[in-house]
1. Got a sec? Charge dipole of the protein assembly as shown, +1 on Cβ for Lys and Arg, -1 for Asp and Glu; which of B:GLY152, B:ALA98, A:MET84 is way out at the positive end?
2. So which chymotrypsin sites (Phe, Trp or Tyr not before Pro) in region B:33-105 pass both tests, a DSSP loop state and at most 11 other Cβ atoms within 10 Å of the Cβ?
3. State the Kirkwood hydrodynamic radius of region A:80-176 in Å, one decimal place, computed from all pairs of distinct Cα atoms.
4. What is the fewest-to-most order of A:CYS199, B:CYS104 by other Cβ atoms lying within 10 Å of their Cβ?
5. Hey, got the average number of other protein chain Cβ atoms within 10 angstrom for residues in B:146-157?
6. Which of the helices in chain A, when you take each full DSSP H run, stretch at least 24 Å along the axis at their Cα atoms and have an average Kyte-Doolittle score of 0.0 or higher?
7. Quick one: go through region B:145-182 and flag any residue whose amide nitrogen is under 20 Å from the point 7 Å out along the Cα-to-Cβ line of A:ALA200.
8. Once the dipole of the protein assembly as shown is set up with Lys and Arg at +1 and Asp and Glu at -1 on Cβ about the Cα centre, which of B:VAL58, B:TRP111, B:TRP68 lies farthest towards its positive end?
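Throughout, read-outs are computed from the coordinates displayed, never taken from laboratory work. The structure presented is a predicted model; accordingly, all values stated were derived computationally and were not measured. Every residue, glycine as well, gets a Cβ built from its backbone with ideal geometry; the counts of neighbours run over all protein chains shown.
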Amino acid sequence: MNAFWALLIRDMRIALRAGGGALIGAVFFLIVVVTVPFAVGPDLKLLGRIGPAVLWLGALLASLLALDRLFAADHEDGSLDILMTGELPLELTILAKAVAHWLTTGVPLLFVAPLLGLMLDIDPAAMGPLLAALSVGTPALTFIGLVGAALSVSLRRGGLLLAVIVLPLTIPILVFGVSASDLASAARAGFGPAFTILCALSLASLVLGPFAAAAALRHGLD
Amino acid sequence: MAMIELANPTRFLRIVDRLLPWFAAATALILAAGLVQAVQAPDDYQQGATVKIMFLHVPAAWLSMVGWAVMTVAALGTLVWRHPLADVAAKAAAPIGAGFTLICLITGSLWGRPTWGTYWVWDARLTSELVLFLLYLGVLALYWTAEDPGRGARAAAVLSLVGAIDLPIVKFSVDWWNSLHQGESIFRAGGPVIDASILWPLAVMAMAFFLLFVTLHLAAMRNEILRRRVRTMQMLQAQEAKA
C-alpha cells in the first residue's frame, strides 16, 4: 500500500507545483460558467433555473480538460513504463493516479461552485443538494474519463478524440447529477432517488474504470 | 466448423466468396418479399399509412443493437482469444451498425412528426439510441486516428466492451422510464400485441435486414482483409524501392 500512497502523493505534487496546472481546471470552470450569461443574456431568473445544469456542464468540461495529460505526461518521460512494470498492480496504479487527479481537479471545482452559484442566482436552498451531487458525481467523471485517457495515450492522440470517446459515456452522470441538484425536479421525485443512483454510478465507475483503463494500457502499449 | 479454422484469412476469404452470393441473393429476395408485404399491409386505424415507417424503423433499431453486440463479441475475441479475424469483424461492423442506427433515428423522427407532433423529444429511448450512435462515432474516430491498425483495434475493443453498457439501457429504457416511445410490444410476456397482419411483414423485413447486415458485414470483412494485404504489399514495395 506504500507504493499506492507514494504514487498518489507524487501525482498531487506534480499537479500542484510548477508546471502542473491543477488550478487551471478551476479557472477554466470559472470561465466556462462566466461565458454562459453572455450567451443566454443576463436574465437572472433564467440563469437561476439553468444554473445547476451550467455548473454540471462546466465541471464535466473542466475534468475532461485535465484528463488529457493524465497518462500522456508519464508516457512521454517514460515513467509510465516503470509504473507498469512495478510491483503495484496496474489497476491500483491507475486508481492512485485517478484519485490524485480528482483531488487536484475535482475538489477545487467544489470550492469555486458556491461562488458561481451566487453569480448565477441559484436558489440558496438548492446549493446544498448541488454541492452534494457534484462531490459525489465528479469522481465518476474522472473514473469514466480514465478509459478515454488510457485509450488516447496508446494512440498518441489526445484532445478531441478523448472528448468524443468520453462524453457519451458521461451522459448518465449528467442526467442524474442535474436531476439531483435541480430543485424543481427534486420537488417532483425527491432528492433521494437521483442522488443514490448517482452514488451507484460513481461506485460502479470506481470499480470498472481502473480495470478498463488498465486493459487499454496493457493492450495499447506493448 | 470451429472458429479456429476461420483464423486463416485465405480460408476465410474462400468461404466468404462461396457464401456471399447466396446471402446477397437471399437478402434481395426476402427484402423484395418484405417490401411487397409491407406495402400491402393494412393501414393502422389511428395512424393511417404512417404505420408503414415501422417496417424500416424497427428492424433498423434491432440491427443497430446487433451491430454493437457483434462488436462486443469481436472485442472479446480480440482481447481474450486473440483471434486474428476478430478485429477485422469489429472494424467491419462499426460503420454498418452506425448506418443502421442513423436509419433508425431518421425514420423514427419522421414517424414521430405525424404521430407525436414532433421530430424529436429528449426521451429515454430516443436519447439512449442517440448515445449509441455517438458511441459508434467514437469507435469510428478511434479507427480513423490510429496509425497502427493493431493498436487501433485493441483500443476500439476496450471501448466496445465499455460501450456495451448502453445496450440494455436502449432495450429496457421504455420499461424503466415513462416514455413517449411505446413500450415493448413484440418480445414480451404474453406474446406480441401487434396484429398478425402487421406482425408478419415486420418479421419478414426483420429477416431481410438481418440478412442484409450479414451480407454487408461479410463483404466489409473481405474488403478489410484485402485492404490490409494491399497495405502490406505497398510497404514491402516501398522497402524494396529503398533498398
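1. Going by the Cα projections, it comes out as B:GLY152.
2. Working: sites: B:TYR45, B:PHE55, B:TRP62, B:TRP68, B:TRP81, B:PHE100; in loops: B:TYR45, B:TRP81.
Those that pass, being in a loop and sparsely packed, are B:TYR45.
3. Values: mean 1/r = 0.0656 Å⁻¹.
Evaluated over region A:80-176, this radius sits at 15.2 Å.
4. On the way: A:CYS199 17, B:CYS104 24.
Listed from fewest to most nearby Cβ atoms, that is A:CYS199, B:CYS104.
5. On the way: counts 7, 3, 4, 0, 3, 8, 4, 1, 9, 13, 3, 3.
Whole-number average of other-chain Cβ neighbours for B:146-157 is 5.
6. Working: long enough: A:22-40 (29 Å, 2.78); A:44-76 (48 Å, 1.00); A:124-154 (45 Å, 1.52); A:160-181 (29 Å, 2.44); A:191-220 (41 Å, 1.41).
Helices meeting the criterion: A:22-40, A:44-76, A:124-154, A:160-181, A:191-220.
7. Backbone N within reach: B:162-179.
8. B:TRP68
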